[in-house]
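Contents: one structure, followed by commentary.
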Amino acid sequence: MDTKTLIGPFKQLVTMRGLPHKGPLTDPQLEIIEDAGMVVREGYILQIGKFSELYPLIKNGHYLLDIINEPVVAFPGFIDAHTHICWAGSRANDYAMRVSGKSYLEIASSGGGIIDTVKKTRQASHENLLASLKKRADQQFISGITTSEVKSGYGLTVEDEIKMLEVIRLADSSLAIDLIPTCLAAHIKPKDFSGTKAEYLEHIINNLFPILKEKKLTNRIDIFVEESAFSIEEAKIYLKEARQQNFDIVVHADQFTTGGSKLAVDYKAISADHLEASSDKEIQMLAKSDVIPLVLPGSSIGLGYQFAPARKLLNAGASLAIASDWNPGSAPMGDLLVQAAILGIYEKLTLAETFAGITYRAAAALGLNDRGIIETGYSADIAAFPIENYQDILYYQGRIKPSAIWKKGIRTTI
Ligand code: NIG
Ligand code: FE
């Protein structure tokens, strides 16, 4: 039966439709429908408009009513396009050392850093890894995030990377939030791989890539390009092969030193992520390309490090997606809205630019064209907040959380 559901009324519906993918945005460009309603069919938006104009429709067909009894402001469900939320263990001690002034190397040599999480993640059972991932994904969902990317990268053997990607797939299939997997086997070379970094990457290409395809575990390949991880020359071979095999590419780029963003452009990556160290040269280059700059304020906050030049990127004409980078090391907070709000005030982003960075521009960074906008034909993914003015979301710096979330038109009330 062709059942439709009328949802509403929404005090304000911030649609995010009709906006450009690249360049600056001003708040008056935002379309805000007051006292709005939305008709949903089979998980997708069929119609939006004034609730009072949609309401009479219910007489003419099979409609269900999903009435909202408090004033709410609704946005497209938020999209967190860069996370590492599949992990085991804690790196609280790393943080304690960091705030007391210890360097990255001192932390690593005292048993901390990425390698510590790799050890704990390898040791964790499927069940425990799954349970902790689901808990974090649920936390994202109740914060209004309806799609989240999740990277592997704490396994770093063929078997352990597969284990992570299978756990991510399992979590995705049992939760309302959509989890988009990415293979980050090229996070760092694990200590127990006896060859060189180049040989490790070759091993991943030869032994993991075929399984990613065969088991359909992911079509996205990420690499951490940095002195402590993989060099530009090493990454070139890896990215070339990934491209040839038709994987979508993303790059951890320009976090501490530059070079990664140029690779992202040269190898037609979908996004270049981090960019805290990018200079005007990299900014201009990214703006001229189709690569989406994806910035990670949670990592700057977690490390006590400068923010990526978000304002300059937009002014140069680039796109800008904002994600949490939620991970146990550099970005333990995991609250995208708080982080986006803080980035906004430091980098002087308009409200429109910040919302775009966690909605349709983030969807593009994941290659998804069916979400991130409230519009006919798009997935009915909505985050509704108990406020009357959309500005309050960033004014209160992300502290107000949604009172209701719809994923594919199905409501979760919080
Ligand atoms: O995006 N930069 C590399 N990787 C992560 C950190 C991962 C970790 O510390 O566990 C990042 O910040
Ligand atoms: Fe990351």
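The values are calculated or read from the model by the stated rules, or taken from the named source; none is laboratory data. Everything quoted here is computed from the prediction, not taken from an experiment. Quick reminder, even Gly has a Cβ in these numbers, built from the backbone with ideal geometry, and neighbours come from all protein chains shown.
Among the residues of region 120-138, is any farther than 20 Å from residue 334 by Cβ, within 13 Å of ligand 1 (Cβ to nearest atom), surrounded by 14 or more Cβ atoms within 10 Å (Cβ to Cβ) and touching a residue at least 40 places away in the same chain (Cβ under 8 Å)?
no
Which condition number in (1) among the aliphatic types (A, V, I, L, M); (2) crowded, with 22+ Cβ neighbours inside 10 Å; (3) within 16 Å of ligand 1 (Cβ to nearest atom) is the one that residue 242 fails?
Condition (3) is where residue 242 drops out.
Identify all residues within region 261-282 that are away from ligand 2 (no atom under 15 Å from the Cβ), in contact with an Asp or Glu (Cβ under 8 Å, 6 or more places away or on another chain) and polar (S, T, N, Q); write none if there are none.
Within region 261-282, 278 is the sole residue that qualifies.
Of all the residues that make up region 212-247, how many are under 23 Å from the mean Cα position of the chain (by Cα) and either modelled with pLDDT under 95 or within 16 Å of ligand 2 (Cβ to nearest atom) (or both)?
11
Quick check on my filter: what residues within region 73-111 are assigned to a loop (DSSP other than H, G, I, E, B) and surrounded by fewer than 22 Cβ atoms within 10 Å (Cβ to Cβ)? Lay out the reasoning, then the answer.
The first filter runs over region 73-111 and keeps only residues assigned to a loop (DSSP other than H, G, I, E, B), leaving 77, 81-91, 100-103, 110-111.
Across region 73-111, the qualifying residues are 88, 89, 90, 100, 101, 102, 103, 110, 111.
Exactly one of (1) under 15 Å from residue 225 (Cβ atoms); (2) within 14 Å of ligand 1 (Cβ to nearest atom); (3) charged (D, E, K, R) is unmet by residue 262. Its number?
(2)
For region 241-271, give me the residue count where each residue is farther than 27 Å from residue 105 by Cβ and of a type in the set (Lys, Arg).
So the count comes out to 2.
Any residue that is within 16 Å of ligand 1 (Cβ to nearest atom) and either crowded, with 24+ Cβ neighbours inside 10 Å or closer than 20 Å to residue 327 by Cβ (or both) - is there at least one of those in region 212-219?
no
Quick one: count up the residues across region 135-154 that are of a type in the set (D, E, K, R) and out of contact with any Ser or Thr (no Cβ under 7 Å at 6 or more places or on another chain). Walk me through it before giving the result.
Taking region 135-154 and keeping what is of a type in the set (D, E, K, R), we get 135-136, 138, 149, 151.
Next, only the ones that are out of contact with any Ser or Thr (no Cβ under 7 Å at 6 or more places or on another chain) stay: 135-136, 138.
Residues flagged as of a type in the set (D, E, K, R) and out of contact with any Ser or Thr (no Cβ under 7 Å at 6 or more places or on another chain) within region 135-154 amount to 3.
Can you pull out every residue in region 303-335 that is away from ligand 1 (no atom under 14 Å from the Cβ) and either assigned to a helix (DSSP H, G or I) or modelled with pLDDT under 95 (or both)?
Selection gives 310, 311, 312, 313, 314, 315.
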